[in-house]
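**Q** Got a structure here, written out as structure tokens. Questions coming.
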């Protein structure tokens, strides 16, 4: 093998400002993340303008820290990798502008990376033996995809959500039952004390699209159940109808408060039953695709891939079918720059280079190139 390749990677697609130094695509020398989650929790979700301003404030500091932690200087770096889509356009622009400035000042090659490609590549960091081809379930706040990974930069989407992504559904249901933001980790935590079979929420099956997902109906079923419980509690009283898009339970309940005293259903029961419906849909469709296309290696990626119930459900299904399962540690499931550095390495060695006209593409599709 020739000279080691060091990638300085930058990620700023949403509310994490991150930088990393990655060697040869699989060895992380540093991975620095500044999370804005506490700030955005005050608003119940990510505020794009605030996210962009915080990226500007922190990005130089994060990059300097990452280089220092890796024990290298910018002169040691072979290329600059950066997320250029998809994501929040203002947030993306901060990272892209920073990467272009460094590339221009140093003469280093610039490599733009698709954010979801980065999530998939996170598996290579901890699973050195993993190589394409394999099937990957990508589950995050903005994406739910089933992807054939045919090569290190070759992807084919065979399943996708028709409406809400899995992570988006987690956030909306968490808000409705008073758990707040971020919804995914909070639903996962409270579900551990709930009964996952107490409420039979629906699983969507889309005619003619066996590997596609839909979580809007599930979300509506949860909201309708909550509203029906509220109506039972307020029977005989005239109350104003909740505004469209709101539920009568929004920001009211937390923890294991009772939702339906007559049936003994708690917040934890609702959370667990909802989570079970999501996990069942994700696992069953992944297993169906693996069987139909002949895959024996299954990977997961994205923020929801850190969900404990999903990991347990996918592990059990893979063991039952004789498949090998791969997923990153939770820190590499959330947005980070190490995964971008890994993906950038494979793009770099395949000859991908971007000019200083590289721009942010907020709706960039997987497999598209700037």
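**Q** Say whether the condition of being under 28 Å from residue 88 (Cβ atoms), surrounded by 20 or more Cβ atoms within 10 Å (Cβ to Cβ) and free of Cβ contacts under 8 Å to residues at least 60 places away in the same chain is met by at least one residue in the stretch 145-161.
**A** yes
**Q** Here's another thing I want to ask about it. So, in the stretch 319-359, of the ones that are free of Cβ contacts under 8 Å to residues at least 24 places away in the same chain and assigned to a helix (DSSP H, G or I), which residue ends up surrounded by the most Cβ atoms within 10 Å (Cβ to Cβ)?
**A** Only one residue fits best here, namely 319.
**Q** Okay, moving on. State whether the residues of the stretch 51-63 include one that is assigned to a strand (DSSP E or B) and more than 20 Å from the chain's Cα centre (by Cα).
**A** No - not one qualifying residue is present in the stretch 51-63.
**Q** When you scan the stretch 276-292, do you find a residue that is buried (at least 21 other Cβ atoms within 10 Å of the Cβ), modelled with pLDDT of 95 or more and in a strand (DSSP E or B), even just one?
**A** Checked against the condition, which is being buried (at least 21 other Cβ atoms within 10 Å of the Cβ), modelled with pLDDT of 95 or more and in a strand (DSSP E or B), the stretch 276-292 yields no hits at all.
**Q** Give just the number: which of (1) surrounded by 22 or more Cβ atoms within 10 Å (Cβ to Cβ); (2) outside any loop (DSSP other than H, G, I, E, B) does residue 69 not satisfy?
**A** Evaluating residue 69 over (1) surrounded by 22 or more Cβ atoms within 10 Å (Cβ to Cβ); (2) outside any loop (DSSP other than H, G, I, E, B) leaves (1) as the failure.
**Q** State yes or no: is residue 305 surrounded by 24 or more Cβ atoms within 10 Å (Cβ to Cβ) and in a helix (DSSP H, G or I)?
**A** So residue 305 fits the description; yes.
**Q** Yes or no: residue 45 surrounded by fewer than 20 Cβ atoms within 10 Å (Cβ to Cβ), touching a residue at least 12 places away in the same chain (Cβ under 8 Å) and not in a helix (DSSP H, G or I)?
**A** yes
**Q** Would you check which residues across the stretch 75-86 are within 18 Å of residue 101 (Cβ to Cβ) and in contact with a strand residue (DSSP E or B) (Cβ under 7 Å, 6 or more places away or on another chain) and list them?
**A** Scanning the stretch 75-86 gives 77, 78, 79, 80, 81, 82, 83, 84.
**Q** How about the stretch 157-177: which of its residues are part of a strand (DSSP E or B) and touching a helix residue (DSSP H, G or I) at 6+ places or on another chain (Cβ under 8 Å)?
**A** Selection gives 158, 159.
Residue by residue, here is whether (1) modelled with pLDDT under 90; (2) assigned to a helix (DSSP H, G or I) holds:
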{"position": "222", "(1), (2)": "no, yes"}
{"position": "229", "(1), (2)": "yes, yes"}
{"position": "243", "(1), (2)": "yes, no"}
{"position": "249", "(1), (2)": "yes, no"}
{"position": "259", "(1), (2)": "yes, no"}
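**Q** Please verify whether residue 138 is outside the structural domain of residue 76 (by TED's automatic domain parsing), in contact with a helix residue (DSSP H, G or I) (Cβ under 9 Å, 6 or more places away or on another chain) and touching a residue at least 12 places away in the same chain (Cβ under 8 Å), treating the condition exactly as stated.
**A** Considered against the rule, which asks whether it is outside the structural domain of residue 76 (by TED's automatic domain parsing), in contact with a helix residue (DSSP H, G or I) (Cβ under 9 Å, 6 or more places away or on another chain) and touching a residue at least 12 places away in the same chain (Cβ under 8 Å), residue 138 comes out as yes.
**Q** Moving to a separate point now. Does the stretch 142-149 contain any residue that is outside the structural domain of residue 20 (by TED's automatic domain parsing) and at pLDDT below 95?
**A** yes
The values are calculated or read from the model by the stated rules, or taken from the named source; none is laboratory data. All values derive from a computational prediction rather than experimental measurement. With ideal geometry, Cβ positions are generated from the backbone for all residues, glycine too; neighbour counts draw on all protein chains shown.
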